[in-house]
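Comments concern the structure below.
Values in this text are rule-based calculations from the coordinates and carry no lab data. Just so it is clear, the model here is predicted, and its values are computed rather than measured. Every residue, glycine as well, gets a Cβ built from its backbone with ideal geometry; the counts of neighbours run over all protein chains shown.
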Amino acid sequence: MALILFVDDDPLTLETYSTIIKYFGHEILLAGTAEQAIRVAADGQPDMIVLDMNLPDMHGFDLLKSLHQNPLTEEIPAIMVSASPELFTERALEFGAREFRSKPVLPDDLLELIERYASPDA
């Protein structure tokens, strides 16, 4: 079982991710802002973080940079998502995201990402 942190400012998106993750038998942490995400990631030590590019208090790239600069969260794999992947994919990878996916992330894609980055063998 993996623990996944989802960061998105849309409550419906977080609810959808939560339902999917729980259906697959994993645990979930949620954050609606970058500030929450930094705190929750450090305290909860998730196996993987899925974060949206556009947050109300910080751009996704800045959040990713903050996570990678913190010794408590620097090794946690991060997947970035956006409705406009053609604009951000290359830059997200340069900032240290493991992958960049188009939003919404489909359940099968989400499960594949969890197996790849958050499983005990990852």
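Quick look at the values:
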item	result
Restricting the stretch 66-122 to GluC sites (Glu not before Pro) in coil, as DSSP defines it, with at most 16 other Cβ within 10 Å	GLU74, GLU75
Matching label, P(r) over Cα pairs in 10 Å bins from 0, in percent computed from the structure shown, candidates (1) 12, 42, 38, 7, 0; (2) 14, 53, 32, 1; (3) 13, 42, 29, 13, 3, 0	(2)
Alpha-carbon centroids, the stretch 39-56 and the stretch 68-122: separation in whole Å	11
Estimated [θ] at 222 nm from DSSP helical runs (n ≥ 4, -39500 (n - 2.57)) normalised by residues in the chain, nearest 500	-13500 deg cm²/dmol
Gain on full stretching of the segment that runs from SER102 to THR33 - 0.36 nm per residue minus C-alpha separation	22.9 nm
